[in-house]
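All remarks here apply to the structure that follows.
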Amino acid sequence: MIALLLLTLTSSLHDLAKDFDGRVGICVQDQRSTVCVNGDQRFSLQSVVKLVAGAAVMDAVDHRGWKLDDPVLVRREDLSLYVHPIAKLVTAAGYRTTVG
């Protein structure tokens, strides 16, 4: 039964990936198994890292005393090599914003 479920999930993931215009990697994991499409390939995290960073920030707000209105200074050297919509706001003096 589990083998059939994994086969069905694998097929569904392949169907999702084939309709995507570009290279895609998808993995689904539970305690017993992992199913991947292109799981052996490396991908840049780019925008996906926002989810991880956002979760870390919200954890700091919930458990470490950070506040959403705490000031943050974004400097040019804080930006990566990839496209950032915020980059146009970051001057030589930086860009002042908040955690929120």
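Of note:
- Restricting the stretch 72-99 to residues that are open to solvent by 80 Å² or more (accessible area, probe 1.4 Å) and not aliphatic (A, V, I, L, M) leaves a set whose member that is nearest to Ala60 (Cα to Cα) is Arg96.
- Candidate set from the stretch 23-43 (those that are closer than 30 Å to Ile86 by Cα and surrounded by fewer than 10 Cβ atoms within 10 Å (Cβ to Cβ)); member that is farthest from the chain's Cα centre (by Cα): Arg23
- Residues in the stretch 1-22 that are open to solvent by less than 100 Å² (accessible area, probe 1.4 Å) and assigned to a loop (DSSP other than H, G, I, E, B): Gly22 alone.
- Filtering the stretch 44-54 to residues that are open to solvent by 60 Å² or more (accessible area, probe 1.4 Å) and free of Cβ contacts under 8 Å to residues at least 24 places away in the same chain leaves Leu45, Ser47, Val48, Val49, Lys50, Leu51, Val52.
The values are calculated or read from the model by the stated rules, or taken from the named source; none is laboratory data. Just so we're clear, the structure is a prediction, and the values are computed from it rather than from any experiment. Note that each Cβ is placed from the backbone with ideal geometry, even for glycine, and that neighbours are counted across all protein chains shown. All accessible areas refer to the heavy atoms of the entire protein, side chains included, with ligands and DNA or RNA removed. Shrake-Rupley method; radii C 1.70, N 1.55, O 1.52, S 1.80 Å.
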